[in-house]
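Novice: Below is the structure I would like to discuss, written out as structure tokens.
The values are calculated or read from the model by the stated rules, or taken from the named source; none is laboratory data. Small disclaimer: the values here were computed from a predicted structure and weren't measured. Cβ placement follows ideal geometry from the backbone for every residue including glycine, while neighbour counts extend to all protein chains displayed.
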Amino acid sequence: MMSFRVHQARTGDAAAAAAVLRASITTLCLADHGNDPQLLACWLANRTPGNVRTWIEGPGRFVVAEERGRIVGVGGASVSGEIVLNYVLPEDRFRGVSKAVLISLETHLRAQGLLRSTLFSTRTAHEFYRAMGYVETGRPHVEDGLTAFRMFKDLSAPQPTHDAPSLVSPTGG
């Protein structure tokens, strides 16, 4: 049973959120970086507590999935509707954390009146986003040595019910 909840991040969450980002990228995204030290260093370069604090305080939406005081997932969306982050601790993968984070971000974007969400997916997350209703827009491209799939989702379409709506807190808390 899922016992985490998703809520607006607080500045005090920055260090733990950065640790989630770094662990997830390092451990779960092997298909993307292949343990190449240069690719990994480039990807991790801005995943610092200071930068995460800036993202939390910024104009977009930054959420954390928290379980018993421990941050197990993080996500972010820009004011224009782009999902810019969705990461989970390796040991908490396949528990619905990324799904709950994404649902929370999409709920927020809908509440802001946005009709479309976009993102760049890694190879690792590509099938997850397809299963969540995202569609590719063109061919994958390579940036900084990493392959990215540009995807979008129509947020105005009726949404399927999800198995954990009570765990998602779109307004924070």
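Novice: On the given criteria, is Ala15 surrounded by fewer than 16 Cβ atoms within 10 Å (Cβ to Cβ), farther than 21 Å from Ser78 by Cβ and in contact (Cβ under 8 Å) with a residue 60 or more places away in the chain?
Specialist: No; evaluated as a whole, the condition is false for this residue.
Novice: While we're here: Quick one: Ile71 ticks every box in (1) assigned to a strand (DSSP E or B); (2) within 26 Å of Thr147 (Cα to Cα) except a single one, so which number is it?
Specialist: Result: Ile71 passes all but (2).
Novice: Which condition does Leu39 not pass, out of (1) farther than 18 Å from Leu109 by Cα; (2) out of contact with any strand residue (DSSP E or B) (no Cβ under 7 Å at 6 or more places or on another chain), if it passes all the others?
Specialist: Evaluating Leu39 over (1) farther than 18 Å from Leu109 by Cα; (2) out of contact with any strand residue (DSSP E or B) (no Cβ under 7 Å at 6 or more places or on another chain) leaves (2) as the failure.
Novice: Further question on the same structure: Give just the number: which of (1) of a type in the set (A, V, I, L, M, F, W, C); (2) under 19 Å from Asp13 (Cα atoms); (3) out of contact with any helix residue (DSSP H, G or I) (no Cβ under 6 Å at 6 or more places or on another chain); (4) surrounded by fewer than 22 Cβ atoms within 10 Å (Cβ to Cβ) does Leu85 not satisfy?
Specialist: Leu85 satisfies all of (1) of a type in the set (A, V, I, L, M, F, W, C); (2) under 19 Å from Asp13 (Cα atoms); (3) out of contact with any helix residue (DSSP H, G or I) (no Cβ under 6 Å at 6 or more places or on another chain); (4) surrounded by fewer than 22 Cβ atoms within 10 Å (Cβ to Cβ) except (4).
Novice: May I pose another question? Got at least one residue in the range 92-99 being of a type in the set (Lys, Arg), in contact with a helix residue (DSSP H, G or I) (Cβ under 9 Å, 6 or more places away or on another chain) and crowded, with 19+ Cβ neighbours inside 10 Å?
Specialist: Looking for residues that are of a type in the set (Lys, Arg), in contact with a helix residue (DSSP H, G or I) (Cβ under 9 Å, 6 or more places away or on another chain) and crowded, with 19+ Cβ neighbours inside 10 Å, one finds at least one in the range 92-99, hence yes.
Novice: Cβ-Cβ distance below 9 Å, separation of 6 or more or different chains: which pairs start in the range 85-107 with a residue that is closer than 23 Å to Ser117 by Cα and end on one that is in a loop (DSSP other than H, G, I, E, B) and among the acidic types (Asp, Glu)?
Specialist: Sorted first by the residue in the range 85-107, then by its partner, the pairs are Gly96/Asp163; Lys99/Asp163.
Novice: Still on this structure: Please give the number of the condition Asp144 fails out of (1) over 20 Å from Tyr87 (Cβ atoms); (2) modelled with pLDDT under 85.
Specialist: (1)
Novice: Looking at Ile83, Ile56, Ile71, which one is in contact with a Phe, Trp or Tyr (Cβ under 6 Å, 6 or more places away or on another chain), at pLDDT 95 or above and of a type in the set (Val, Ile, Thr)? Let's see the steps before the verdict.
Specialist: Numbers: Ile83 fails: in contact with a Phe, Trp or Tyr (Cβ under 6 Å, 6 or more places away or on another chain); Ile71 fails: in contact with a Phe, Trp or Tyr (Cβ under 6 Å, 6 or more places away or on another chain).
The match here is Ile56.
Novice: Continuing with the same structure: Name the residues in the range 111-141 that are assigned to a helix (DSSP H, G or I) and crowded, with 16+ Cβ neighbours inside 10 Å, would you?
Specialist: Selection gives His126, Tyr129.
Novice: Another question, then. Residues in the range 29-40: is at least one closer than 20 Å to Arg61 by Cβ and either assigned to a loop (DSSP other than H, G, I, E, B) or in contact with a Pro (Cβ under 8 Å, 6 or more places away or on another chain) (or both)?
Specialist: The first filter runs over the range 29-40 and keeps only residues closer than 20 Å to Arg61 by Cβ, leaving none.
No, because not a single residue in the range 29-40 is closer than 20 Å to Arg61 by Cβ and either assigned to a loop (DSSP other than H, G, I, E, B) or in contact with a Pro (Cβ under 8 Å, 6 or more places away or on another chain) (or both).
Novice: Still on this structure: Search the range 124-150 for residues that are touching a residue at least 60 places away in the same chain (Cβ under 8 Å) and pair each with any residue that is surrounded by fewer than 17 Cβ atoms within 10 Å (Cβ to Cβ) and assigned to a loop (DSSP other than H, G, I, E, B) when their beta-carbon atoms are under 7 Å apart and the residues are at least 6 apart or on different chains.
Specialist: Pairs found: Thr147/Arg123; Thr147/Pro140.
Novice: Please enumerate the residues belonging to the range 45-63 that are more than 16 Å from Ile25 (Cα to Cα) and buried (at least 17 other Cβ atoms within 10 Å of the Cβ).
Specialist: Scanning the range 45-63 gives Arg53, Trp55, Ile56, Gly60, Arg61, Phe62, Val63.
Novice: Also, I was wondering about something else. Given the conditions (1) closer than 24 Å to Leu146 by Cβ; (2) in contact with a helix residue (DSSP H, G or I) (Cβ under 6 Å, 6 or more places away or on another chain); (3) part of a helix (DSSP H, G or I), which single one is not true for Ile56?
Specialist: The one condition Ile56 does not meet is (1).
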